[in-house]
Amino acid sequence: MPSSPFLATGPSTTRVRDRRADLLVTLAALALAFWVTSGMWRDPNSRAITVNSSDQALFEWLLAFGGHALTHGENPLYTTLINVPDGVNLAVNTSITVYAAVFAPLTYLIGPPATFLVILTLNLAATAVAWYWLLSRYLVRSRLAAGVGALFIAFCPAMVSHANAHLNWTAGWLVPLLIWGVFRLRRPGRAVTGGIVLGLLVAAAFSIAAEGLFFTALALGVFLAVWALHPARWPEVRAALPRMAAGLGVTALVAGALLAYPLWLHFLGPQRFHGTGFDPLIHSEDIAAYGSYPRRSLAGWAGWGTSLAPNPTEENSFFGVPLLVLGLACFALLWWRADRAFRATLAALGVTAVVFAVLSWGPTVKWNGRRFDQTLPFGVLDNLPVINAALPSRLALVVAPVIGLLLAYAIDSLRARPPRRAIGVAWALGFVAALLPLVPTPLLTSVREPIPRFITSGAWQRYVPPDGVLTPLPLTVDVYPDGQRWQAYALAHRQGEFRIPAGFFLGPGGPEGRGRIGPVPRTFDSLMDQAGRTGLVPIITDGSIRESRADLRHWGVRAVVLPDRVHGAKYDVDEDALRRTATALLGEPERVEDVWLWRVPD
């Protein structure tokens, strides 16, 4: 065991690069990525992720809008295409600007849904390949060890859970590159070039997954603090500190120059907010979830999965008891075999895992669904700026790479110094018992309602002037994503722009100055939501008619549109109740193509 494989300055000169192993791991990563997303590859335009079709619609819209902004010279971080007339600050949302720009030609060629699927699949595969590259070239000698560690990290329960439409969180390939960029600064003569490279990586990571970048920086900070304080590392720290400081200074200059406007918009721009639109009590990790199994796994398929997560996209731990035991056994083995210097690395990894596991439990203790009053560290830190915008449950995402590193180190050590045959068999069985139940199963998908011919044929242009406002019924929010799906189609197919009120975004208006999902409801959209959700026509009065029409004038709506089938992301929508309610408020509609349409006078 080398004294510091985690902080090695480069590949060993004696290491033989097994190209066949590299190819096999890459093929395995691609196969698993296609397996997880296989339900959508049959027809990306007609299928959606069942448990999170609203986020999928949002990311498809971001891809279409980003490409449109790039080709039309518009601001990619602020728009009034949604939430008219106020607009949306995309810098405080997940704008995936780099993805939108890089994949803009593909979006125009095959459409936002198919581009979304390509990126999601590549994200998963690239995460495994990037971790394998870091492990095999810098951290361990064994290709098998690197492959097991990388594939576990890329397809751990948290990553598969976030594959339910989160293009930001599945971009885990950024993490090993950022780690590599930081430790590369230790090498002599790398302060300027290394700082520039790391600055570019930081800027790209901010535009794709700002919250993930924040977590990575926190984790590296904790790791380096513990590692540097170990007496065995003091000489190395003193020698490397000036180079690291210089390199990080260059990084700050490069990233600061590239991110000056996005950061200003994020913290000081219009439509900003403090905190987040999600409740940290709800979005905190149940302690029992660490020993439970996820639903999209072989264990879940066998009926061992649990529903301890706040929703199916946030199964951020769910390692299962066997893996937790195996992780502790790997740590003990490595500690027993390690020299004093490598124990500094192990101690730093252990402290990092414990710190982030405890923080992921949120403000107060929750065990097996039951909440206790015992305050936890996150409850104290939750009032700090930036931290109050993080969901505590997602801090558990840091624990998975630590476990993956321990698995890789342990396999590497066992191959370098094989134990007796019986003990080796026991280790092999332990790995199988811990990892086999976590093999992922495909994401659940379902048929989604097609975009109406009224939109695809361009017929909407006869009823909405250029840059005019159109709204579907119900108004677009997270549970009714049709408006942004329609808009994404129009933008990607170069039909022109129409704007919509409301939308699925994070904006101001929450309690105590915090954010909220979508705009503050008004009379018209509240009545439509009530009708679509309950199937009952609300009581309509002269006052509600006046207020609803005033709302439409406030938004500048020229056409109100109801398709034959409305997509409800969380529940079925009653189209008949919507039509009767809109008729009571606006009069009789006209039939245009395959939609009901109400014209609103200028």
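Quick notes on this structure:
- Helices (runs of 4 or more DSSP H) wholly inside segment 465-579 that include at least 3 residues being within 23 Å of the chain's Cα centre (by Cα): 482-492
- Near pairs, Cβ below 6 angstrom, 6+ apart or cross-chain, from segment 169-190 (closer than 30 Å to residue 93 by Cβ and in a helix (DSSP H, G or I)) to any residue that is open to solvent by 10 Å² or more (accessible area, probe 1.4 Å) and among the β-branched types (Val, Ile, Thr): 175/216; 178/216; 181/197
- Only residues that are assigned to a loop (DSSP other than H, G, I, E, B) and open to solvent by less than 40 Å² (accessible area, probe 1.4 Å) were counted across segment 309-339, and they come to 10.
- Top-ranked residue of segment 383-419 - restricted to ones that are modelled with pLDDT of 95 or more and among the β-branched types (Val, Ile, Thr), ranked as farthest from residue 91 (Cα to Cα): 411
- Subset of segment 267-281 [surrounded by 13 or more Cβ atoms within 10 Å (Cβ to Cβ) and either in contact (Cβ under 8 Å) with a residue 24 or more places away in the chain or in contact with a Phe, Trp or Tyr (Cβ under 6 Å, 6 or more places away or on another chain) (or both)]: 269, 271, 272, 273, 274, 275, 276, 277, 278, 280, 281
- Within segment 92-138, the set of residues being open to solvent by less than 10 Å² (accessible area, probe 1.4 Å), among the small types (Gly, Ala, Ser) and within 9 Å of residue 63 (Cα to Cα) comprises 100, 104.
- For residue 264, the conditions (1) in contact with a helix residue (DSSP H, G or I) (Cβ under 9 Å, 6 or more places away or on another chain); (2) free of Cβ contacts under 8 Å to residues at least 24 places away in the same chain; (3) part of a loop (DSSP other than H, G, I, E, B) all hold with the exception of (3).
- Any hit, segment 445-464, residues being among the small types (Gly, Ala, Ser) and closer than 21 Å to residue 83 by Cβ: no
- Residue match in segment 21-39 (condition: modelled with pLDDT of 95 or more and in a loop (DSSP other than H, G, I, E, B)): yes
- Only listed residue being touching a residue at least 12 places away in the same chain (Cβ under 8 Å), surrounded by fewer than 17 Cβ atoms within 10 Å (Cβ to Cβ) and in contact with a helix residue (DSSP H, G or I) (Cβ under 9 Å, 6 or more places away or on another chain), chosen from 304, 234: 304
- Of the residues making up segment 359-377, those that are of a type outside the set (Phe, Trp, Tyr), surrounded by fewer than 17 Cβ atoms within 10 Å (Cβ to Cβ) and without any contact (Cβ under 8 Å) to a residue 40 or more places away in the chain are 370, 373, 374, 375, 377.
- Scanning segment 36-51 for residues that are out of contact with any strand residue (DSSP E or B) (no Cβ under 7 Å at 6 or more places or on another chain) and open to solvent by 10 Å² or more (accessible area, probe 1.4 Å) yields 38, 41, 42, 43, 44, 45, 51.
- In the set (1) over 30 Å from residue 157 (Cα atoms); (2) touching a residue at least 60 places away in the same chain (Cβ under 8 Å), the condition left unmet by residue 207 is number (1).
- Among (1) at pLDDT 95 or above; (2) over 30 Å from residue 238 (Cβ atoms); (3) crowded, with 23+ Cβ neighbours inside 10 Å - the single one residue 165 does not satisfy: (1)
The values are calculated or read from the model by the stated rules, or taken from the named source; none is laboratory data. Please read all numbers here as calculations on a predicted model, not as lab measurements. Reconstructed Cβ throughout: ideal geometry from the backbone, glycine too, with neighbour counts over all protein chains shown. Note: areas computed on protein heavy atoms with side chains; ligands, DNA, RNA excluded. Shrake-Rupley method; radii C 1.70, N 1.55, O 1.52, S 1.80 Å.
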